[in-house]
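Got a structure for you, questions after.
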Amino acid sequence: MENKNTSSQLPTALRIGNSVTTDKPTIIENFNKHFSTAGHAFHLTTPTAFNSTAPPTATRPSLPHFSFSQIHSADVLKELQNLDPYKSAGLDNLDPFFLKLSAEIIATPITSLFNLSFVSSEIPTDWKAAAVIPLFKGGDTLDPNCYRPISILPCLSKVFESQVNKQITDYFESHRTLSAMQSGFRAGHGCTSATLKVLNDIVTAIDKKHYCAAVFIDLAKAFDSVNHHILIGRLSSLGFSNDCVAWFTNYFSDRVQCVKSEGLLSGPLAVSMGVPQGSILGPTLFSVYINDVALAAGESLIHLYADDTILYTSGPSLDTVLTTLQTSFNAIQLSFRGLQLLLNTSKTKCMLFNRSLPAPARPSSITSLDGSNLEFLDNYKYLGVWLDCKLSFQTHINHLQSKVKSRIGFLFRNKASFTHAAKHTLVKLTILPILDFGDVIYKIASNTLLNKLDAVYHSAIRFVTKAPYTTHHCDLYALVGWPSLHNRRQTHWLQVIYKTLLGKVPPYLRSLVTIAAPTCSTRSSRYISLVTPKANSSFGRLSFQFSAANDWNELQKSLKLETLISLTSFKHQLSEQLTDLCTCT
């Protein structure tokens, strides 16, 4: 959603067919035409025979019917009070600041309106009109394909969708409807948990001296290509009542959009496909739409995160691994075709993970159903983390170092403009999140690589403290009151392990740790410990399942927990255990 204090900047020119226009009204009209038809790419590029392919469906035990429950005014009041007053209004011009200010007055009548929508299976027409902002995502500024449509929906529709989304996600989770290997937009799941699971499988395979190959699948305009008829059928098969199906049918009918930018507004165009990007329900509905694709993986493993899919397999024979992967990839492509989702072959890539086994410089090709050979890469950015074929994380750390260096350089060049408090805040908001994201994943990198991040971290602290370059790093930590990066990573890692023990992570991570049964009556046997699985090599000991058990048991030598405590209490005790004592000589 667009912030009031910023506006989407239209490109100065846009390519339309073989010509380029600089006329802004023409640019926004063509953006609108492009975005409203983006989901039709499958039909334009796929033979009619494939268009009629039946979508895959899972065979499930009979599910109880899902029906909407009455929404309570207290929940609506809370949603209204939590609105961000700095966000833009939708095309209905109901400002979130006004709604937030008048929340206590309007909550009850708004709740009645929401519940009436359930009864009538109708949604106000104004709530189905979106203002679309073209967001540049990189590449050629003249190419409309290089812009992502972000929908600004009426605030009340988003409040309503939030309540609907809570009801349907509670139903999906309580009945375990979604695939265990779907991590997108689910409570307790995320990019980090998904990557930890995938890496555990790959590291474990390499530890067994197996080859491991993967396909990183990219879909073209996936969210824009959702077929409403297929999605409604999915919801019906999942136990949604006739009234709910009617409500969602109305939700998708008669939707329109206009492109809005720089004070200009295009004419409205109908949107007959896709889920609105920027809506609350869109991500959940997309997860439902592609959920059964995981069933087609066959002998390979798969992990889904929204429209990011990785398909991978391992074994002692490279030829067998690639054959199995090709078979699974073919089946996955057919599943996507059944959903009328188009594979982006130019962005779908392969990788062979291998640290020591003999392998050809160019492995046998993995091909798409249209006969295109997929490119094998040595590096690929998966869910925000650069993976390399040896899992050294060299590429990822080099990217982090470069990004942080650039930001610190900007801060130093403008240091005269900032107070000490402002410097402190700037580093916490713009530097530390870069270093924190995925740190429990790339922590397995060599000390040589991790030391590169220490160097830029120390520069950031010097920016805050004005400490000279000769100041020892241990003194830097004391000056600013922050831990070393090593301790910061270790804190995050041990918290992940403890969340696993509490059951606050996805089942696919919980299944990788086992609490050991007491073996004798000594006091130490009463402490919670984990079973340490077998690892054949030092690299194998970097897997989630081994390092989680090993690091937890090591912590327990000093923590000595006999029963599980709250996460808050654990964090407090952990902060007392992990201190940066200078051991430098």
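Condition first: crowded, with 20+ Cβ neighbours inside 10 Å and of a type in the set (Asp, Glu). Now tell me which residues in region 202-221 satisfy that.
Correct list: ASP207 only.
Next up: Can you confirm whether region 132-150 contains a residue that is in contact (Cβ under 8 Å) with a residue 40 or more places away in the chain and either outside the structural domain of PHE248 (by the TED database) or small (Gly, Ala, Ser) (or both)?
no
Scanning for something at positive phi, at pLDDT 80 or above and of a type in the set (S, T, N, Q), does region 60-81 turn up at least one residue?
There is no residue in region 60-81 that is at positive phi, at pLDDT 80 or above and of a type in the set (S, T, N, Q).
Going residue by residue through region 131-142, is there one that turns out to be open to solvent by less than 20 Å² (accessible area, probe 1.4 Å) and modelled with pLDDT of 95 or more?
No, there is no match, as no residue in region 131-142 is open to solvent by less than 20 Å² (accessible area, probe 1.4 Å) and modelled with pLDDT of 95 or more.
Another question about this same structure. Scan region 536-568 residue by residue and report those that are closer than 23 Å to ASP439 by Cβ and of a type in the set (Gly, Ala, Ser).
The answer is SER538, GLY540, SER543, SER547, ALA548, ALA549, SER558.
Restricting attention to region 459-467, does a residue exist that is open to solvent by 50 Å² or more (accessible area, probe 1.4 Å), touching a residue at least 60 places away in the same chain (Cβ under 8 Å) and more than 30 Å from the chain's Cα centre (by Cα)?
no
Which residue is surrounded by the fewest Cβ atoms within 10 Å (Cβ to Cβ), if the candidates are limited to region 303-321 and must be among the aliphatic types (A, V, I, L, M) and over 30 Å from PHE286 (Cα atoms)?
By that ranking, first place goes to LEU318.
So that you can scan it fast, the table gives a plain yes or no per residue for (1) among the aliphatic types (A, V, I, L, M); (2) under 20 Å from the mean Cα position of the chain (by Cα):
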position	(1), (2)
LEU113	yes, no
PHE118	no, no
LYS128	no, no
ASP143	no, no
TYR147	no, yes
VAL164	yes, no
ALA180	yes, yes
SER183	no, yes
THR204	no, no
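Now, a different point. How many residues, within region 260-317, are in the same structural domain as ALA331 (by the TED database), touching a residue at least 40 places away in the same chain (Cβ under 8 Å) and assigned to a loop (DSSP other than H, G, I, E, B)?
Going through region 260-317 one residue at a time, the tally reaches 4.
State whether one or more residues within region 364-374 are within 26 Å of THR448 (Cβ to Cβ) and either buried (at least 18 other Cβ atoms within 10 Å of the Cβ) or touching a residue at least 40 places away in the same chain (Cβ under 8 Å) (or both).
no
Can you find a residue in region 527-536 that is touching a helix residue (DSSP H, G or I) at 6+ places or on another chain (Cβ under 9 Å), assigned to a helix (DSSP H, G or I) and either under 30 Å from ALA205 (Cα atoms) or at pLDDT below 95 (or both)?
Scanning region 527-536 turns up no residue that is touching a helix residue (DSSP H, G or I) at 6+ places or on another chain (Cβ under 9 Å), assigned to a helix (DSSP H, G or I) and either under 30 Å from ALA205 (Cα atoms) or at pLDDT below 95 (or both).
Working only within region 238-278, note down all residues that are at negative phi, among the small types (Gly, Ala, Ser) and surrounded by fewer than 20 Cβ atoms within 10 Å (Cβ to Cβ).
Result: SER241, ALA246, SER253, GLY267, ALA270, SER272.
Keeping to region 502-518, report how many residues are buried (at least 19 other Cβ atoms within 10 Å of the Cβ) and assigned to a helix (DSSP H, G or I).
Number satisfying all stated conditions: 2.
Is it true that ASP436 is modelled with pLDDT of 95 or more, within 20 Å of the chain's Cα centre (by Cα) and open to solvent by 10 Å² or more (accessible area, probe 1.4 Å)?
So ASP436 passes the test.
Here's a check for you: in region 167-190, which residue that is surrounded by fewer than 14 Cβ atoms within 10 Å (Cβ to Cβ) and in a helix (DSSP H, G or I) is modelled with the highest pLDDT?
ASP170
Hey, does region 222-237 have a residue that's surrounded by fewer than 20 Cβ atoms within 10 Å (Cβ to Cβ), touching a strand residue (DSSP E or B) at 6+ places or on another chain (Cβ under 7 Å) and not acidic (Asp, Glu)?
No, region 222-237 contains no residue that is surrounded by fewer than 20 Cβ atoms within 10 Å (Cβ to Cβ), touching a strand residue (DSSP E or B) at 6+ places or on another chain (Cβ under 7 Å) and not acidic (Asp, Glu).
The values are calculated or read from the model by the stated rules, or taken from the named source; none is laboratory data. The shown structure was predicted, so the numbers you read here are calculated from the model rather than taken from an experiment. Ideal geometry is used to build each Cβ from the backbone, glycine not excepted, and the neighbour counts take in all protein chains shown. Ligands, DNA and RNA are stripped out before the accessible areas are found, and what is left, the full protein with its side chains, is counted by its heavy atoms. Shrake-Rupley method; radii C 1.70, N 1.55, O 1.52, S 1.80 Å.
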